[in-house]
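All remarks here apply to the structure that follows.
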Amino acid sequence: MVVRKPPITTREYWAPGHAACAGCGCATALKLATKAFSEAMEEKYGDPNAFAIAQATGCMEVVSAVFPYTAWKVPWVHVAFENAAAAASGIEAAWKKKGLKGKILAIGGDGGTADIGLQALSGMLERRHNVVYLMYDNEAYMNTGIQRSSSTPYGAWTTTSPPGKYSIGEDKPKKWVALIAAAHQIPYVATASIGNPFDFVRKMKKAAKVDGPAFVQVHCTCPTGWKSPLEKGVEIARLAIETGVWPLFEIENGDFHNIKIQSPGGGAKVKREGGKVVAIEFKKPIEEYLKLQGRFKHLFKQPEAIDQLREQIKAMWKVLGVEVTLPKPEE
Amino acid sequence: MPIRTVMKANEAAAWAAKLAKPKVIAAFPITPSTLVPEKISEFVANGELDAEFIKVESEHSAISACVGASAAGVRTFTATASQGLALMHEVLFIAAGMRLPIVMAIGNRSLSAPINIWNDWQDSISERDTGWLQFYAENNQEALDLILIAYKVAEDERVLLPAMVGFDAFILTHTVEPVEIPDQELVDEFLGEYEPKHAYVDPKRPITQGTLAFPAHYMEARYTVWEANENARKVIDEAFAEFEKKFGRKYQKIEEYRTDDAEIIFVTMGSLAGTVKEYVDHLREKGIKVGAAKLTVYRPFPIEEVRALAKKAKVLALLEKNVTFSVGGALFQDFSRALINEKEKPIIIDYILGLGGRDVTFQNLDEALAIAQKALNGEEFEEVNWIGLRKEIL
């Protein structure tokens, strides 16, 4: 009998029984992230448990630590909404003085990271704490019941960006915190997605192993907030990659001239020059991604809004140094 | 051997921190406290203090980093004032609720608006419901001593609460006074190593800190903070006694001055106590029966001691540099709580004065005395009096 090594450790740090919604993509992300961290710590320090978590208030916090229960098999501290990065700074400093080896993982949602926690995040990155900050990006304040954040994409319905006679839904482009993090010239920044778990795990491991701060922004489906089918979480996340909505990239030491772009798949044609991705011709229209989600349903009555979203996606790719073509669906 | 020298209260606070040997310090500059982190930076830079000093980007992150470090089981320290303390507000509740014995120095300063950098107690008084212990220093020596005592009490297993030590902006923070720096060995003996049994971030024994509590558990969690505050009453007395034994300086929750046979007792806190004692001497020379009392401990509120004090006087005149709008000063509320059901109780008169750095003069105190004397003579009086107002610009 051939026993194949599992693709990732079977050790669990995020126990079943937590109270996340069915089909929660963020729960998947945390499960993978902690496993990746464990592998990285084992490889770096010979101790798979050499890490601890500081977590912001948010969905993943409230579902995982309801007294007297906990889903965490790793040291875990929650303080408040906007200060996971600051609390992680303190834990990291304490570990230094105690001579403990390992790394601190700070976790926040998009609200806790892109909005209310942005200052504390910037401070932590700038001070070069040995902390990985994981932003689980489900693109709205889901814990309070689906309100827009600065990470909500253009056109999306949320309870505070409802479409109406004078509203297209969310009317601002998505803010990419990964780019802000990279501007701190920290060792490692990446975007990832639960739609490509192998890439996500690789990036989390890399983030965990670098000396100094790292930032990973992982795209997570939220069936509750996105009004999407429970069983299609990974499929939707993958479509975000394949249609160009969610770029997968890595930026090391703030080197915006050498951004590493991961191939999106989905039949997209990637053009490289000198090893660098310079253009991508996507084959799947973003409509394939949008149509599976109730939050974008209203856009199909206003195709110009979808074209506007396409322009914003192109502009984002341009920041990454990549010219993209985004197809329209065939008539 | 202790060193006798001269320094500002901010330096005294930094020295106290150095003597207590915190492992993690996180602080952000703010007038009038900035010298505290400056001095600590020097200590760390010179290798005189073996600590991680996190130069945070806000007071909110300062206290959050202290919470993180304290949750990880190390002694921590921070310093702030005024707006900085207000910015920390939500995390102060969390520090107490998580039972983390963080110690913080406060250069007591007014709150905006209008912006004003000078002394009153509105900043820390406004945090009186957070669960933190509160001490107020009359002079620079007390600032140093009370920080050491605050660690002793905060880290006691019967307490495990954070503590703040207030000293008046500029009047103390920037004024040089003689200070005795205690012997490091004695301080080490007094404080001991901090090895908490309840707070650690250790992969070998993972625990979850900072949980969500449903209505089935929340009240009990808050009650334990109440209980810890109650326990602190005794622990503070023990710490004062031990401190006196080791270092020779006596502290009491309420320190009285010429209160025997006093008809009117002026009650205050902080550096104003010095002025008031002078004033009492001045009145006593004229044969007026007055005394003074100073609250060194404000939280837990020394209820029994207030009751004992109240038995000595016909009028308690509360001089306070803070205001709760539409009610009066915080001390007025607290004294009322302590005395409301006492069979025999003195008249309590509240005076709001010295806000935003306004000097408190003997003329102001004469004004206060006149009201107290009216009350003593059975005449009508105002319960809450703003003293030293410039009525001509109102």
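The values are calculated or read from the model by the stated rules, or taken from the named source; none is laboratory data. Quick caveat, the model's predicted, so the values are computed rather than measured. With ideal geometry, Cβ positions are generated from the backbone for all residues, glycine too; neighbour counts draw on all protein chains shown.
Some values worked out for this structure:
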item: Restricting the stretch A:41-56 to residues that are among the small types (Gly, Ala, Ser) and crowded, with 24+ Cβ neighbours inside 10 Å, the residue that is farthest from the other protein chains (Cβ to nearest Cβ); result: A:56
item: Condition met for residue B:240 (farther than 16 Å from residue B:367 by Cα, not acidic (Asp, Glu) and not in a loop (DSSP other than H, G, I, E, B)); result: yes
item: From A:134, A:125, residue being hydrophobic (A, V, I, L, M, F, W, C), crowded, with 24+ Cβ neighbours inside 10 Å and more than 11 Å from every other protein chain (Cβ to nearest Cβ); result: A:134
item: Members of the stretch B:81-96 found to be more than 10 Å from every other protein chain (Cβ to nearest Cβ), of a type in the set (Gly, Ala, Ser) and assigned to a helix (DSSP H, G or I), listed by number; result: B:82, B:84, B:86, B:96
item: Qualifying residue in the stretch B:369-391 (condition: over 21 Å from residue B:262 (Cβ atoms), of a type in the set (Phe, Trp, Tyr) and free of Cβ contacts under 8 Å to residues at least 60 places away in the same chain); result: yes
item: Verdict on residue A:245 being modelled with pLDDT of 95 or more, under 23 Å from the mean Cα position of the chain (by Cα), of a type in the set (A, V, I, L, M) and farther than 17 Å from residue A:170 by Cβ; result: no
item: Where a residue in the stretch A:297-317 is more than 12 Å from residue A:245 (Cα to Cα) and its partner, wherever it lies, is at pLDDT 95 or above and part of a loop (DSSP other than H, G, I, E, B), with Cβ under 6 Å and at least six apart; result: A:299/A:155; A:305/A:155
item: Residue in the stretch B:262-279 that is loosely packed, with under 15 Cβ neighbours inside 10 Å and not assigned by TED's automatic domain parsing to the domain that holds residue B:134 present; result: yes
item: Strands (runs of 3 or more DSSP E) wholly inside the stretch A:216-331 that include at least 3 residues being crowded, with 22+ Cβ neighbours inside 10 Å and hydroxyl-bearing (Ser, Thr, Tyr); result: none
item: Index of the failed condition, residue A:59 passing every other in (1) farther than 27 Å from residue B:216 by Cα; (2) away from chain B (no Cβ under 11 Å); (3) not small (Gly, Ala, Ser); result: (1)
item: When residues of the stretch A:169-183 are limited to those that are part of a loop (DSSP other than H, G, I, E, B) and out of contact with any Gly (no Cβ under 7 Å at 6 or more places or on another chain), the one surrounded by the most Cβ atoms within 10 Å (Cβ to Cβ); result: A:174
item: Restricting the stretch B:7-41 to residues that are over 17 Å from residue B:179 (Cβ atoms) and charged (D, E, K, R), the residue that is nearest to the other protein chains (Cβ to nearest Cβ); result: B:23
item: Residue B:65 vs. criteria touching a Lys or Arg at 6+ places or on another chain (Cβ under 9 Å), outside any loop (DSSP other than H, G, I, E, B), over 22 Å from residue B:12 (Cα atoms) and within 14 Å of another protein chain (Cβ to nearest Cβ); result: no
item: Failed condition for residue A:119, given (1) surrounded by fewer than 24 Cβ atoms within 10 Å (Cβ to Cβ); (2) facing chain B (nearest Cβ under 7 Å); (3) more than 22 Å from residue A:178 (Cα to Cα); result: (3)
item: Strands (runs of 3 or more DSSP E) lying entirely in the stretch B:258-349 (those with 2 or more residues that are farther than 20 Å from residue B:126 by Cβ); result: B:264-268, B:290-295, B:315-320
item: Failed item, numbered, when residue A:97 is tested on (1) part of a helix (DSSP H, G or I); (2) under 19 Å from residue A:146 (Cα atoms); result: (2)
item: Members of the stretch A:99-116 that are within 24 Å of residue A:27 (Cα to Cα) and more than 10 Å from every other protein chain (Cβ to nearest Cβ); result: A:103, A:105, A:107, A:108, A:109, A:110, A:111, A:112, A:113, A:114, A:115, A:116
item: Selection from the stretch A:181-208 of residues that are among the polar types (S, T, N, Q) and under 12 Å from the mean Cα position of the chain (by Cα); result: A:191, A:193, A:196
item: Qualifying positions in the stretch B:3-54 - surrounded by fewer than 18 Cβ atoms within 10 Å (Cβ to Cβ), over 22 Å from residue B:186 (Cα atoms) and aliphatic (A, V, I, L, M); result: B:45
item: Number of positions in the stretch A:64-84 that are surrounded by 19 or more Cβ atoms within 10 Å (Cβ to Cβ) and either part of a strand (DSSP E or B) or more than 8 Å from chain B (Cβ to nearest Cβ) (or both); result: 8
item: Some residue of the stretch A:46-58 being under 15 Å from residue A:106 (Cα atoms), part of a helix (DSSP H, G or I) and either of a type in the set (Gly, Ala, Ser) or under 20 Å from the mean Cα position of the chain (by Cα) (or both); result: no
